[in-house]
Number of protein chains: 2
Amino acid sequence: MARSDTAFLFDLDGTLVDSVYQHVLAWKEALEREGVELSVWRIHRKIGMSGGLFANILLRETGLEITDDRLARLRQWHAEAYNRQHAASAIRPLPGARELLDQLTAQDIPWAIATSGRMATAAANLQALGVDPAKVTVVTRDQVRHAKPDPDLFLTAARRLGVDIHKALVIGDSVWDMLAAQRARSLGVGLLSGGYGRAELQESGAFRVYDDPADMLRHLDEVAARE
Amino acid sequence: MARSDTAFLFDLDGTLVDSVYQHVLAWKEALEREGVELSVWRIHRKIGMSGGLFANILLRETGLEITDDRLARLRQWHAEAYNRQHAASAIRPLPGARELLDQLTAQDIPWAIATSGRMATAAANLQALGVDPAKVTVVTRDQVRHAKPDPDLFLTAARRLGVDIHKALVIGDSVWDMLAAQRARSLGVGLLSGGYGRAELQESGAFRVYDDPADMLRHLDEVAARE
């Protein structure tokens, strides 16, 4: 029987898989093709929302009209550029990611993955991570109405696991994960592996911050009682 | 006659030119070719040192032996990968960079560029920025013994301008710039445009932090008296 005193709800990109910077430059390329000039660090700071919401915000901030055509083109160009980045240098699990998930499984602690990405993009990352979405609870953008920073992805993940969101931890690398965690009244754990600063995560509500999954695994008893 | 009460010493990548993320992924690719697996965010946090020092530290942290051959290969592979990133999506000046430099020139405030990069890599960035190293004081890695976080680059830039480093401002995007500024006993101004967090820059000594050159230009009278 699963221990019901806690559950771990993980973001994917930048949290379990080392893919944030590739996504950032892929969005940069897509936006340039659409004639939108935006500094790379500003794209980095918006990443982790859903692709659609993210593109909406970027277009709004740059004053361009938001049309369905434009959003579809951006999404398509981002996917093309991301696959090229992916081909130049393979996307890998972050250090300790696989071991952390295995440790939770071994301790009967329920866990799930909730990502703002669509299954089309997430599938390759899940495979690199050795996670079979037929066996593990994986919630993607396709399956909820609102993506992060709305809490729907994490709420849905908790519901599917049959756990109480108020006893769950949300583990993510971006401020959007931490804000969604607060809105869901769960606890956010921040990881630095997406390239945001420690203070940015703390200011958006992280109750604890680790370097990456390996660092979190070493300090697991700080956030969940070990067997 | 130049106003002698202050001088601006600028870092280049991430401070005047939007090139940090491209450098980060180029290093990632170079390290992978050498068999070194390192998370992208950790590379990002070391960038801004000289290429050689940077590679030394990465190899030391990953336990690989540091040989001249290996360093030469890494530098070569980084340059190749960077040029490919550059081709996929042009490196551009950061918003306000050109205007900020023009404003300083108009106000007779001396300014210079001091970069940890070598002239071979910096030349294209300077060109994108519209800076002619024959007319402007530009100090590159090739011209000093120690790169950042040693203060040599900024000390040399101040000497060439004929200004007192104790009256100069060092403007940079990385903690290495801020540390070098402190070691030179100048004042560091941090810009977020290299993708580091505000607190990271403040904790390494920035006495003021702006978003990017455009934001700094709007608030120029906070750090130097306007005409």
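Throughout, read-outs are computed from the coordinates displayed, never taken from laboratory work. As the structure is a prediction and not an experimental result, all values here were calculated from the model. Neighbour counts are summed over all protein chains in view; Cβ atoms, including those assigned to glycine, are modelled from backbone coordinates with ideal geometry.
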What are the ³J(HN,Hα) couplings of the stretch B:189-204, residue after residue, when phi is run through the Karplus curve with 6.51, -1.76, 1.60 and θ = phi - 60°? Round to Hz, x for glycine and proline. 10, x, 10, 7, 6, x, x, 8, x, 4, 5, 4, 6, 5, 5, 9
Can you tally the net charge around B:PRO133? Count Lys and Arg as +1, Asp and Glu as -1, for every other residue whose Cβ sits under 13 Å from the Cβ of B:PRO133. +1
In nm, one decimal, shortest first: how far is the label point of A:ARG160 (7 Å from Cα along Cα to beta carbon) from the matching points in the other copies? 5.7
How crowded by other chains is B:93-99, given as the mean number of beta carbons from other chains within 10 Å of each beta carbon? 1
Candidates A:ALA72, A:ALA114, A:ALA180; GNM for chain A (alpha-carbon contacts under 10 Å) flags as most fluctuating A:ALA72
Relative to the longest principal axis of the C-alpha atoms of chain B, give the angle of the C-alpha long axis of helix B:20-33, reported between 0 and 90° and rounded to the nearest 10°. 20 degrees
Report ³J(HN,Hα) in whole Hz for each residue of the stretch A:135-143, in order, from the Karplus equation J = 6.51 cos²θ - 1.76 cosθ + 1.60 where θ = phi - 60°; Gly and Pro get x. 10, 10, 6, 10, 10, 10, 3, 4, 9
Taking chain B as the reference, fit the longest principal axis to its C-alpha atoms, fit the long axis of helix B:97-106 to the helix C-alpha atoms, and give the angle between the two in degrees, 0 to 90, nearest 10. 30 degrees
Describe numerically, in nm with one decimal, the distance between label points set 7 Å from Cα along Cα→Cβ at A:LYS135 and at A:ARG98. 1.3 nm
Given a 10 angstrom Cα cut-off, can you work out which residue in A:LYS167, A:LYS46, A:LYS148 is the most mobile in a GNM of chain A? A:LYS167
What pairs in A:LYS46/B:LYS167; A:LYS28/A:LYS135; B:LYS135/B:LYS167; A:LYS28/B:LYS148; A:LYS46/B:LYS28 have C-alpha atoms more than 30 Å from each other? A:LYS46/B:LYS167; A:LYS28/A:LYS135
Starting from the amide H of B:ARG208, placed 1.01 Å from N in the peptide plane, find each other amide H under 5 Å away whose residue is 5 or more places distant or on another chain. B:GLY190
If one compares the long axis through the Cα atoms of helix B:68-88 with the longest principal axis of the Cα atoms of chain B, the angle in degrees, nearest 10, works out at 70 degrees
At what distance in nm do the modelled label points of A:ALA124 and A:GLN107 sit from each other, each positioned 7 Å from its Cα along Cα→Cβ? 3.3 nm
Within the set B:ALA206, B:ALA158, B:ALA122, GNM on chain B using Cα springs under 10 Å gives the largest fluctuation to B:ALA122
Which whole number gives the average, over all residues in B:27-33, of C-beta atoms from other chains lying within 10 Å of the residue C-beta? 2
